[in-house]
1. Within the set of pairs 6+ apart or on separate chains, which have a first residue in segment 84-108 that is more than 17 Å from Tyr20 (Cα to Cα) and buried (at least 16 other Cβ atoms within 10 Å of the Cβ), a second that is modelled with pLDDT of 95 or more and among the charged types (D, E, K, R), and C-beta atoms under 7 Å apart?
2. Would you pick out the residues in segment 99-136 that are of a type in the set (Gly, Ala, Ser) and under 25 Å from Glu14 (Cβ atoms)?
3. All but one of (1) under 20 Å from Asp122 (Cα atoms); (2) surrounded by 17 or more Cβ atoms within 10 Å (Cβ to Cβ); (3) not aromatic (Phe, Trp, Tyr) hold for Lys75; state the number of the condition that does not hold.
4. Restricting attention to segment 109-136, and to residues there that are surrounded by fewer than 20 Cβ atoms within 10 Å (Cβ to Cβ) and of a type in the set (Gly, Ala, Ser), which single residue is modelled with the lowest pLDDT?
5. What do you reckon, is Lys18 part of a helix (DSSP H, G or I) and either β-branched (Val, Ile, Thr) or at pLDDT 95 or above (or both)?
6. Give just the number: which of (1) touching a Gly at 6+ places or on another chain (Cβ under 9 Å); (2) at negative phi does Gly25 not satisfy?
Amino acid sequence: MQINPYLYFDGNCEEAFKLYEKALGGKIMAMLPHEGTPAEQHVPAEWKKKIMHARLEVGGEAIMASDAPPGHYAKPQGSSVSVTVKTKADAEKVFNALAEGGSVTMPLAATFWSVAFGMVTDKYGVPWMVNCEQTA
């Protein structure tokens with residue numbers, strides 16, 4: 001079994017995924033707009049280039065997303081995307097990239113379980129937790 005987060009955006013999925021690709025060191029594997037698909041006829045003309053499905057792979061894992069149809073977007077609440085990295089430097093890089101233009105909920109700092117842990121909501125409204133666990 002595999003469980004992957006699926007995020008919805010308010011028309012800025014492509015922009016967000018390009019940031020995530022860089023911030024997380026991943027690779028965008030799919031960025032499919034409505035245009036050119038059977039779904040094209042079900043969206044307004046100004047929505048045809050919006051993303052119907054995107055997939056970003058990072059370290060053997062995937063995050064998927066799309067632009068929510070017009071009038072159907074709701075801000076995420078009650079969940080976060082959790083990222084675990086190997087080094088404190090990686091935690092700082094990811095956290096700072098996600099925090100740019102967003103809001104820090106909990107600054108990145110050492111905790112009793114982690115060399116570095118922080119929480120941030122990025123400029124697209126997606127909540128993230130960045131964690132660098134202690135080594136045994």
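1. Leu108/Glu92
2. Ala99, Gly101, Gly102, Ser103, Gly125
3. (2)
4. Ala136
5. So Lys18 fits the description; yes.
6. Unmet condition: (2).
Condition check ((1) in a helix (DSSP H, G or I); (2) within 18 Å of Ala16 (Cα to Cα); (3) out of contact with any strand residue (DSSP E or B) (no Cβ under 7 Å at 6 or more places or on another chain); (4) at pLDDT below 95) across all residues:
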| site | (1), (2), (3), (4) |
| --- | --- |
| Glu46 | yes, no, yes, yes |
| Glu57 | no, yes, no, no |
| Ile63 | no, yes, no, no |
| Ser66 | no, yes, no, no |
| Pro70 | no, yes, yes, yes |
| Tyr73 | no, yes, no, yes |
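Let's see how each residue does on (1) aromatic (Phe, Trp, Tyr); (2) over 14 Å from the mean Cα position of the chain (by Cα); (3) within 13 Å of Val126 (Cβ to Cβ):
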{"residue": "Asn4", "(1), (2), (3)": "no, no, no"}
{"residue": "Ala16", "(1), (2), (3)": "no, no, yes"}
{"residue": "Glu21", "(1), (2), (3)": "no, no, no"}
{"residue": "Gly25", "(1), (2), (3)": "no, no, no"}
{"residue": "His34", "(1), (2), (3)": "no, yes, no"}
{"residue": "Thr37", "(1), (2), (3)": "no, yes, no"}
{"residue": "Trp47", "(1), (2), (3)": "yes, yes, no"}
{"residue": "Arg55", "(1), (2), (3)": "no, no, no"}
{"residue": "Gly71", "(1), (2), (3)": "no, yes, no"}
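The values are calculated or read from the model by the stated rules, or taken from the named source; none is laboratory data. Remember, predicted model here, so these are calculated numbers, not experimental data. Every residue, glycine as well, gets a Cβ built from its backbone with ideal geometry; the counts of neighbours run over all protein chains shown.
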